[in-house]
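Data first, discussion second: the structure below is written as C-alpha cells.
The values are calculated or read from the model by the stated rules, or taken from the named source; none is laboratory data. Quick caveat: nothing in here was measured; it's all calculated off a predicted structure. With ideal geometry, Cβ positions are generated from the backbone for all residues, glycine too; neighbour counts draw on all protein chains shown.
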Amino acid sequence: MDLSRRGFIKLTGAGLAVSSMGALGFGSAGTALAASVRPFKLTAATETRNTCTYCSVACGILIYSQGDRAKNVKSSVIHIEGDPDHPVNRGTLCPKGAGLLDIVRAPGRLTVPKYRAAGATEWKEVSWDFALDRIATLMKQDRDANFIAKNGAGTTVNRWNTTGMLAASAASNEAAYVTFKWARALGMVTFDNQARV
Amino acid sequence: MADLQSQDYIRRSATNLTPPSARHHELEVAKLIDVSRCIGCKACQSACMEWNNLRPEMEEFQGAYENPHDLNPGTWTLMRFAEYEDEQGNLEWLIRKDGCMHCEDPGCLKACPAPGAIVQYANGIVDFISENCIGCGYCVKGCPFNIPRISAQDHKSYKCTLCSDRVGVGLEPACVKTCPTGAIMFGSKDDMKDWAGERIAELKERGFQNAGLYDPPEVGGTHVMYVLHHADKPSLYSGLPDKPHISALVGAWKGFLKPVALAGLAFAAVGAFVHSIVAGPNETTEEDEAHARLEMEKAKREGSAKS
C-alpha cells in the first residue's frame with residue numbers, strides 16, 4: 001500500500017475516531033448479541049440404558065450415541081452419565097464411572113474374542129461362533145469325564161467340581177439370577193461373582 | 001440451540017447498552033457445595049471434563065492430592081486438599097471443590113474490555129462467550145477467586161460455565177449429577193439456602209459451632225455456595241478468600257478513569273478539529289523551502305565526500 005505521510009496521519013485520525021465511537025458505546029451490539037451458549041449436545045442422541053462396567057455396585061448408566069439408528073448410520077457413543085431412574089445410584093457416578101466414555105474409546109480395549117492355542121505364543125482374533133463352540137466343547141468334555149452323580153453313600157449329588165465360573169458384576173438382579181440357576185443346573189460348585197471382589 | 005439468548009442477559013462486558021432482558025422471570029439458580037459431605041473422590045472433575053469434552057495434558061506428580069496441581073484451561077473444577085490441625089490437635093482434612101463462583105457482581109465481567117466476551121444471564125450464570133474474547137487476561141485480574149485461565153493454544157479465557165448448556169435445557173450441571181455423596185446440590189438459590197440452613201444446624205449439633213454458609217456479600221452473593229464447618233475462617237479451605245473483593249484497580253479503571261479517558265479523547269478530537277478550522281494546515285514559506293534545499297545539497301555533498 002502506497003501511503004503518503006499526510007495520508008498516514010489522516011488514516012490514524014480516522015482509526016482513532018472509529019475506536020473512540022466504539023468506546024463511547026456505539027459498537028456493533030447486534031452482532032455480538034447473536035452469540036449464545038454451547039448447544040445442548042444430546043438433543044437428538046439415542047439414549048440406551050446399561051450398567052457400569054466397573055465394580056460390583058453396578059450403577060445404572062445412560063449411554064448416548066450419535067445418530068438416530070437409521071439404516072445408513074453407524075452409531076458411536078458420545079456421552080455417558082448416571083441413570084437417575086436406577087435405584088442403585090440414582091444418577092450419580094464415581095470418578096471412574098464418570099469417565100466411562102474413555103474406556104469405550106480406549107485403544108487397548110478388547111472388542112473381539114481372542115484365542116491362544118495350547119503351546120502357541122500369539123493371541124489370534126477369532127469369531128464369536130468359534131469362541132462359544134470351543135468353550136461349549138471343552139465344558140462338555142470335562143463335565144462328561146468328571147461329573148459326580150452320586151457320592152460314596154449313594155446319595156444323588158450331581159456335582160461338577162472340575163470347572164468353575166466367575167460371573168461379571170455388571171448384571172441386573174434378574175440376569176444374575178439366571179446366571180446362577182444356569183451354573184448350578186450344570187452342577188457347578190465353584191461359582192463366584194466379581195461382585196465379591 | 002439452547003434458549004439462553006441475548007434476552008436472558010442481565011449484564012454484558014464492556015457495553016454501555018443495557019441488554020434487552022425481556023425474560024426477567026427467570027429462576028435464579030445456585031450450586032451448593034457441602035464441604036462437610038465431600039470425600040474428595042473427584043467424580044465432579046471427571047464428569048466436568050467428560051461433559052465439556054476437555055482432556056487436559058497429563059502432569060507430573062507434585063507431591064499433593066490435587067490432580068492436576070492447579071486449575072487450567074481444560075480443568076474448570078478442581079478438588080483442593082488442605083490439612084488442618086485444630087486447637088485440640090485433631091487433624092482435619094478439608095477438601096474443597098474449587099471453580100467459578102458465579103458472583104452476583106462479577107469482577108471478571110467488570111474488568112473485561114471486550115464487548116460481550118463475558119455475560120451474565122438472568123438465572124445468575126456468568127458465562128464466557130469465547131468468540132468475543134480477546135485473551136487480554138483482565139478477567140484473571142478482576143476475579144476475586146483467581147479462577148479464569150488463559151489457554152496457550154487459542155489465547156482465550158476459560159472457566160466453569162455452570163454447564164449453561166445443560167441448565168438451559170432444564171438439567172443440572174454435570175458435577176452435581178455425578179456427586180456420589182450428595183455433597184454438590186443444585187436448585188433455585190432460595191432452595192439451596194434453605195437446604196444449607198438445615199445442614200448447618202445439623203453440623204452445629206455435631207459440635208461444629210462455626211458451621212455456616214459461604215455466600216459472600218462482598219461480591220453480591222454467589223451462585224455457587226459452600227457449606228463450611230469453619231465458616232469463620234474460609235481461608236483454611238486452600239485459601240478461599242475470607243472477604244473476597246474485586247481489585248480496586250478494576251473499579252478505578254472502569255469506574256473513574258474510563259469517563260476521564262473518554263473526555264480526554266473527545267477533547268483531543270474537538271481540539272484537533274477546531275485547530276484545523278482556525279489555524280489550518282502547516283504552510284511553508286518560500287524562505288523555508290530555499291533553506292531546506294540548501295541543507296539537502298549540503299548533506300548530499302558531505303555524503304558523496306565520505307564515500
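Couple of notes before you dig in:
- Checked against (1) under 23 Å from B:GLU104 (Cα atoms); (2) exposed (fewer than 12 other Cβ atoms within 10 Å of the Cβ), B:GLU283 passes all but condition (1).
- Scan of the stretch A:135-173 for residues that are among the β-branched types (Val, Ile, Thr), part of a loop (DSSP other than H, G, I, E, B) and surrounded by 11 or more Cβ atoms within 10 Å (Cβ to Cβ), ordered by number: A:THR162, A:THR163
- For the stretch A:59-81, a residue qualifies if it is over 12 Å from the mean Cα position of the chain (by Cα) and under 15 Å from A:ALA170 (Cβ atoms), and exactly one does: A:CYS59.
- Qualifying residue in the stretch B:52-72 (condition: within 14 Å of chain A (Cβ to nearest Cβ), touching a strand residue (DSSP E or B) at 6+ places or on another chain (Cβ under 8 Å) and in a helix (DSSP H, G or I)): no
- Residues that are under 20 Å from B:GLY207 (Cβ atoms) and touching a Leu at 6+ places or on another chain (Cβ under 7 Å), drawn from the stretch B:89-105: B:LEU94
- Here is the figure for the stretch B:30-51: residues that are within 14 Å of chain A (Cβ to nearest Cβ) and touching a helix residue (DSSP H, G or I) at 6+ places or on another chain (Cβ under 6 Å) total 9.
- Elements of the type strands (runs of 3 or more DSSP E) sitting completely within the stretch A:40-134 and holding at least 3 residues that are on the phi < 0 side of the Ramachandran plot and surrounded by fewer than 16 Cβ atoms within 10 Å (Cβ to Cβ): these cover A:46-51.
- Hey, A:PRO95 in contact with a Gly (Cβ under 7 Å, 6 or more places away or on another chain) and either modelled with pLDDT of 95 or more or of a type in the set (Lys, Arg) (or both) or not: no
- Single match in B:SER276, B:SER304, B:SER238 (criterion: away from chain A (no Cβ under 14 Å), of a type in the set (Ser, Thr, Tyr) and more than 30 Å from B:ASN90 (Cβ to Cβ)): B:SER304
- Some residue of the stretch B:55-66 being at pLDDT below 95 and either within 27 Å of B:LEU213 (Cβ to Cβ) or in contact with a Leu (Cβ under 9 Å, 6 or more places away or on another chain) (or both): yes
- Scanning the stretch B:246-255 finds one or more residues that are aliphatic (A, V, I, L, M), assigned to a helix (DSSP H, G or I) and either on the phi > 0 side of the Ramachandran plot or touching a helix residue (DSSP H, G or I) at 6+ places or on another chain (Cβ under 7 Å) (or both).
- Boolean, B:GLU289 is outside any helix (DSSP H, G or I) and of a type in the set (Asp, Glu): no
- Failed item in (1) touching a His at 6+ places or on another chain (Cβ under 8 Å); (2) free of Cβ contacts under 8 Å to residues at least 40 places away in the same chain, with B:ASP194 passing the rest: (1)
- Sole exception among (1) surrounded by fewer than 24 Cβ atoms within 10 Å (Cβ to Cβ); (2) modelled with pLDDT of 95 or more; (3) within 21 Å of B:MET192 (Cα to Cα) for B:ALA122, by number: (2)
- Qualifying residue in the stretch B:83-98 (condition: within 14 Å of chain A (Cβ to nearest Cβ), surrounded by 15 or more Cβ atoms within 10 Å (Cβ to Cβ) and out of contact with any Gly (no Cβ under 6 Å at 6 or more places or on another chain)): yes
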